[in-house]
Amino acid sequence: MRFDRSLELLLVHCQGELGHVLVDGAPEVPGATMLDKMNHINNVDDSLRRFVTFEPRANVAMSVNLLVAPTRDDADAGFIVLQADRAHPMSGSNCICVVTALLESGHVPMTEPETTVRLDTPAGLIVARARCESGRCVGVSLDNVPSFAELLDHDINTPAWGRIKIDVAFGGVYYALVDANQIGLKIEPRNARALAEAGIELKRLVGELVKVAHPTLPGLAEIAYVMFREMEPDGAIRTCTTLRPGRVDRSPCGTGSSANLAALYARGVVSVGDIRTSRSIIGGEFKAEVIGETEVGGRKAILPRITGRGYVYGRSQLRLSEDDPFVAGFALSDTWGPQVDLLR
């Protein structure tokens with residue numbers, strides 16, 4: 001079978017979270033920087049995002065990472081995270097998927113036992129160090145962008161749970177960080193639907209009550225996700241990031257773990273050299289380390305390092321055809337949840 005036009009994807013997951021990588025066939029996205037390109041997708045033309053993240057070609061529990069040529073000389077590749085609600089500037093699990101796909105497919109030459117990959121993202125330059133064995137990428141450490149806390153123990157009033165406290169922090173995107181016990185739920189698989197719906201409702205409330213704007217990155221001016229957290233007996237932090245229209249991250253969430261690490265730093269709980277384990281709702285783990293201190297727009301910030309592993313498990317070819325009746329995609333509440341209209 002011959003396709004006149006098609007998109008080529010590598011199918012990848014990181015600790016169970018799908019982060020497919022679009023390696024070939026995508027149209028060029030206008031913009032002088034990666035941030036410009038992301039803003040173009042979000043504000044001018046979202047047709048590619050909808051094509052690859054909605055049914056019938058996708059499902060609710062996945063992202064697609066658009067590979068693009070870097071806009072800076074010190075990067076090996078660039079990428080933008082495409083999700084059902086919008087394009088996002090950075091994601092730790094997706095970054096690990098991208099590094100794994102680039103190396104195992106040969107798009108970036110692999111050197112054993114370690115290969116350094118520099119990625120241009122809308123949030124800034126990400127330096128990744130991949131452990132490589134027998135042609136496989138067996139671990140990735142990401143030096144994430146500077147991360148900082150905006151608010152600690154900020155009170156908000158909620159109709160469903162009364163007054164609760166949240167932290168707001170940046171770890172590549174902005175997060176509202178919420179201790180799960182405040183909404184009466186444990187972070188465990190049987191509570192995934194309840195956590196997802198609570199997270200989407202809290203995102204709506206927080207978006208109305210708390211305004212953010214990154215001091216140096218124009219366009220990053222919303223709280224992207226709510227991440228629930230709870231302490232484990234062994235000292236690990238159980239995490240559950242919630243995403244529109246109503247699902248939970250299967251991975252421990254790299255940018256969320258960076259944001260939480262920044263909140264811990266702001267409280268004086270961690271310092272340079274400290275490592276925390278982030279554990280997902282299904283038991284996957286990342287290591288989150290403070291490797292340095294810096295400043296962003298007058299705010300004290302940390303340099304976080306996130307370590308995890310991705311797995312390439314297949315390939316996919318998507319035909320581009322003008323007579324496809326669902327080129328713009330669709331989403332239904334039976335699987336996407338009752339908040340599906342938020343995507344429109």
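The values are calculated or read from the model by the stated rules, or taken from the named source; none is laboratory data. Since the model is a prediction, treat every value here as computed from it, not as a measurement. Here the Cβ is made from the backbone with ideal geometry for all residues, glycine too, and neighbour counts use every protein chain on show. When the accessible area is computed, the model is the full protein with side chains, heavy atoms only, and any ligands, DNA or RNA have been set aside. Shrake-Rupley method; radii C 1.70, N 1.55, O 1.52, S 1.80 Å.
Remarks
- Cβ-Cβ under 6 Å pairs, at least 6 apart or on other chains, the stretch 122-142 side of a type in the set (Ser, Thr, Tyr), far side open to solvent by 10 Å² or more (accessible area, probe 1.4 Å) and in a strand (DSSP E or B): Ser141/Arg129; Ser141/Arg305; Ser141/Thr307
- Qualifying residue in the stretch 210-226 (condition: closer than 19 Å to Asn181 by Cα, modelled with pLDDT of 95 or more, open to solvent by 30 Å² or more (accessible area, probe 1.4 Å) and not in a strand (DSSP E or B)): no
- For the stretch 31-59, the set of residues classified as within 28 Å of Gly139 (Cβ to Cβ) and surrounded by fewer than 17 Cβ atoms within 10 Å (Cβ to Cβ) consists of Asn59 only.
- Only one of Val248, Val269 that is open to solvent by 40 Å² or more (accessible area, probe 1.4 Å) and among the aliphatic types (A, V, I, L, M): Val269
- Residue list for the stretch 236-273, filter: touching a Leu at 6+ places or on another chain (Cβ under 7 Å), in contact (Cβ under 8 Å) with a residue 60 or more places away in the chain and not in a strand (DSSP E or B): Arg244, Pro245, Asp249, Gly254, Ala259, Asn260, Ala263, Ala266, Arg267
- Of all the criteria given as (1) open to solvent by less than 70 Å² (accessible area, probe 1.4 Å); (2) more than 23 Å from the chain's Cα centre (by Cα); (3) outside the structural domain of Ser257 (by the TED database); (4) hydroxyl-bearing (Ser, Thr, Tyr), the one not satisfied by Ser105 is (2).
- Single condition Gly254 does not satisfy, out of (1) touching an Asp or Glu at 6+ places or on another chain (Cβ under 7 Å); (2) within 21 Å of Leu18 (Cα to Cα): (1)
- When residues of the stretch 14-30 are limited to those that are touching a strand residue (DSSP E or B) at 6+ places or on another chain (Cβ under 9 Å), of a type outside the set (A, V, I, L, M, F, W, C) and open to solvent by less than 50 Å² (accessible area, probe 1.4 Å), the one farthest from Thr241 (Cα to Cα): Gly25
- Residues in the stretch 314-334 that are outside any loop (DSSP other than H, G, I, E, B) and either small (Gly, Ala, Ser) or open to solvent by 40 Å² or more (accessible area, probe 1.4 Å) (or both): 8 in all.
- Only one entry of Thr115, Thr100 meets the criterion of being assigned to a strand (DSSP E or B), in contact with a Cys (Cβ under 6 Å, 6 or more places away or on another chain) and crowded, with 20+ Cβ neighbours inside 10 Å, and that entry is Thr115.
- Selection within the stretch 181-209 - within 30 Å of Lys300 (Cβ to Cβ) and either touching a residue at least 40 places away in the same chain (Cβ under 8 Å) or in a loop (DSSP other than H, G, I, E, B) (or both): Asn181, Ile183, Ile187, Gly199, Leu202, Lys203, Leu205, Val206, Leu209
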